[in-house]
Amino acid sequence: MTVRTRGTQVPCEPAKLPRPDGSFIAYHKTPASKSMSGRPGIIFLGGFASDMTGSKATALERFARDSGHGFVRFDYLGHGASSGRFEDGTIGRWSEDAIVVLDELTEGPQILVGSSMGGWLMLLVALARPARVAGLVGIAAAPDFTETLMWQTFPPEIRETIERDGVYYQPSSYEGEAPYPITKRLIIDGRRHLLMDRPIPITCPVRLIHGTADADVPHTLSLALMERLEAGDVEVTLVKGGDHRLSGPADLDRLTRTVAALAAQLSGER
């Protein structure tokens with residue numbers, strides 16, 4: 001599965017949130033305006049091998065600045081401007097990074113917006129911090145992807161490489177991008193965080209957006225996720241012909257409208 005998202009570089013340097021192990025999480029934070037006090041903030045969770053400079057993250061940042069919502073975008077361990085090696089990352093570690101961002105960089109209710117792998121991580125964060133997560137928006141959400149979209153689809157020779165060498169370098173389907181490592185550690189740790197084999201006890205409102213032509217994460221996964229969630233307020237938007245990235249102008253407009261509508265609903269606005 002190739003889920004990398006190209007981004008647009010931003011001129012300002014990110015801030016750094018230190019972790020106890022000596023690493024740091026790079027982030028950009030937009031404070032809420034005084035008029036938006038008490039209304040939900042927004043946190044963007046990027047995809048596997050992506051970073052916080054992508055078009056979805058920056059489009060949401062512009063929306064937050066214009067509307068007054070608080071907003072945070074950040075990079076996981078080994079991603080973008082954060083410290084560490086990508087190979088050392090796991091679903092557990094990256095979800096911990098997201099929880100630390102929620103705990104230390106935000107106050108009050110938050111809407112988590114997760115892209116691809118970020119859609120899995122947002123679910124794990126919501127389960128860990130149900131009192132802080134007011135709503136979820138997934139873009140091509142990919143819960144359990146290390147097992148169902150990687151390990152179970154790999155041919156025997158790739159599985160053997162991972163078992164023998166501890167890592168397989170997956171060629172990227174995007175021109176000019178280097179292969180990215182899929183480690184044995186990632187696969188094994190992913191199994192500790194699988195969600196799709198049982199009901200998921202998340203009850204906040206959830207919005208899922210998925211392209212029907214997504215070649216990396218099938219749109220049927222969002223439909224299956226809707227059925228697994230215990231929340232009653234779950235909506236799935238299927239984008240005819242939409243690809244995995246959903247980062248064109250119409251896609252970004254749809255995303256910001258979805259987040260805006262959910263934020264208004266959570267704030268009691270009509």
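Could you list, in sequence order, all residues of region 238-270 that are touching a residue at least 24 places away in the same chain (Cβ under 8 Å), of a type outside the set (A, V, I, L, M, F, W, C) and at positive phi?
If the condition is that a residue be touching a residue at least 24 places away in the same chain (Cβ under 8 Å), of a type outside the set (A, V, I, L, M, F, W, C) and at positive phi, then Gly241 is the only one that fits.
Pick from Pro156, Pro179, Pro171, Pro199: which is of a type outside the set (Val, Ile, Thr) and under 30 Å from Glu61 (Cα atoms)? Give the steps one after another, and end with the answer.
Details: Pro156 fails: under 30 Å from Glu61 (Cα atoms); Pro171 fails: under 30 Å from Glu61 (Cα atoms); Pro199 fails: under 30 Å from Glu61 (Cα atoms).
When all the criteria are applied, what remains is Pro179.
Could you list all residues from region 218-239 that are in contact with a Lys or Arg (Cβ under 8 Å, 6 or more places away or on another chain) and either polar (S, T, N, Q) or assigned to a loop (DSSP other than H, G, I, E, B) (or both)?
Thr237
For region 17-56, enumerate the residues that are outside any loop (DSSP other than H, G, I, E, B), free of Cβ contacts under 8 Å to residues at least 60 places away in the same chain and not small (Gly, Ala, Ser). Walk me through it before giving the result.
First, the residues of region 17-56 that are outside any loop (DSSP other than H, G, I, E, B): 17-18, 24-30, 34-36, 41-45, 54-56.
Narrowing further to those that are free of Cβ contacts under 8 Å to residues at least 60 places away in the same chain: 18, 24, 26, 28, 30, 34-36.
If the condition is that a residue be outside any loop (DSSP other than H, G, I, E, B), free of Cβ contacts under 8 Å to residues at least 60 places away in the same chain and not small (Gly, Ala, Ser), then Pro18, Phe24, His28, Thr30, Lys34, Met36 are the ones that fit.
Do any strands (runs of 3 or more DSSP E) entirely within region 145-217 hold 1 or more residues that are surrounded by fewer than 19 Cβ atoms within 10 Å (Cβ to Cβ), and if so, which?
Values: elements: 167-170, 180-183, 206-211.
Ranges flagged: 167-170, 180-183.
Being of a type outside the set (A, V, I, L, M) and either part of a strand (DSSP E or B) or more than 13 Å from Ala141 (Cβ to Cβ) (or both) is the filter here, so list the residues in region 100-126 that pass it. Steps first, answer last, please.
Narrowing region 100-126 to residues of a type outside the set (A, V, I, L, M): 103-104, 106-110, 114-116, 118-120.
Of everything in region 100-126, those that are of a type outside the set (A, V, I, L, M) and either part of a strand (DSSP E or B) or more than 13 Å from Ala141 (Cβ to Cβ) (or both) turn out to be Asp103, Glu104, Thr106, Glu107, Gly108, Pro109, Gln110, Gly114, Ser115.
Among the candidates Ala59, Ala49, Ala64, which residue alone is more than 20 Å from Gly166 (Cβ to Cβ), surrounded by 21 or more Cβ atoms within 10 Å (Cβ to Cβ) and of a type outside the set (Asp, Glu)?
Numbers: Ala59 fails: surrounded by 21 or more Cβ atoms within 10 Å (Cβ to Cβ); Ala49 fails: more than 20 Å from Gly166 (Cβ to Cβ).
When all the criteria are applied, what remains is Ala64.
Out of region 63-77, which residues are in contact (Cβ under 8 Å) with a residue 24 or more places away in the chain and either in a helix (DSSP H, G or I) or over 11 Å from the mean Cα position of the chain (by Cα) (or both)? Talk me through it step by step, then tell me what you get.
Going through region 63-77, the residues in contact (Cβ under 8 Å) with a residue 24 or more places away in the chain turn out to be 63-65, 67-77.
Scanning region 63-77 gives Phe63, Ala64, Arg65, Ser67, Gly68, His69, Gly70, Phe71, Val72, Leu77.
Considering (1) touching a residue at least 12 places away in the same chain (Cβ under 8 Å); (2) out of contact with any Gly (no Cβ under 9 Å at 6 or more places or on another chain); (3) within 26 Å of Pro199 (Cβ to Cβ), say which one Glu227 fails and leave the rest.
Checking Glu227 against (1) touching a residue at least 12 places away in the same chain (Cβ under 8 Å); (2) out of contact with any Gly (no Cβ under 9 Å at 6 or more places or on another chain); (3) within 26 Å of Pro199 (Cβ to Cβ), the one that fails is (1).
Of the conditions (1) over 16 Å from Phe145 (Cβ atoms); (2) of a type outside the set (A, V, I, L, M); (3) touching a residue at least 60 places away in the same chain (Cβ under 8 Å), Glu235 clears all except one; give me its number.
(3)
Restricting attention to region 146-171, which residues are within 19 Å of the chain's Cα centre (by Cα) and farther than 14 Å from Arg185 by Cα? Working first, answer last.
To start, the set of residues in region 146-171 that are within 19 Å of the chain's Cα centre (by Cα) comprises 146-150.
Those that are within 19 Å of the chain's Cα centre (by Cα) and farther than 14 Å from Arg185 by Cα: Thr148, Leu149.
If a residue has to be under 14 Å from Ser173 (Cβ atoms) and under 17 Å from the mean Cα position of the chain (by Cα) to count, how many in region 210-226 make the cut?
3
Looking only at region 1-16, how many residues end up being assigned to a strand (DSSP E or B) and at pLDDT 95 or above?
Step one: list which residues in region 1-16 are assigned to a strand (DSSP E or B), which gives 7, 15-16.
Filter again for at pLDDT 95 or above, leaving 15-16.
Selection size over region 1-16: 2.
In region 78-92, how many residues are part of a helix (DSSP H, G or I) and either under 21 Å from Thr53 (Cβ atoms) or in contact with a Pro (Cβ under 6 Å, 6 or more places away or on another chain) (or both)?
Filtering region 78-92 down to residues part of a helix (DSSP H, G or I) leaves 86-88, 91-92.
Now narrow it down to the ones that are either under 21 Å from Thr53 (Cβ atoms) or in contact with a Pro (Cβ under 6 Å, 6 or more places away or on another chain) (or both): 86-87.
Going through region 78-92 one residue at a time, the tally reaches 2.
The values are calculated or read from the model by the stated rules, or taken from the named source; none is laboratory data. Note that the structure is predicted; figures quoted are calculated from it, not measured. We place every Cβ from the backbone using ideal geometry, glycine too, and count neighbours over all the protein chains shown.
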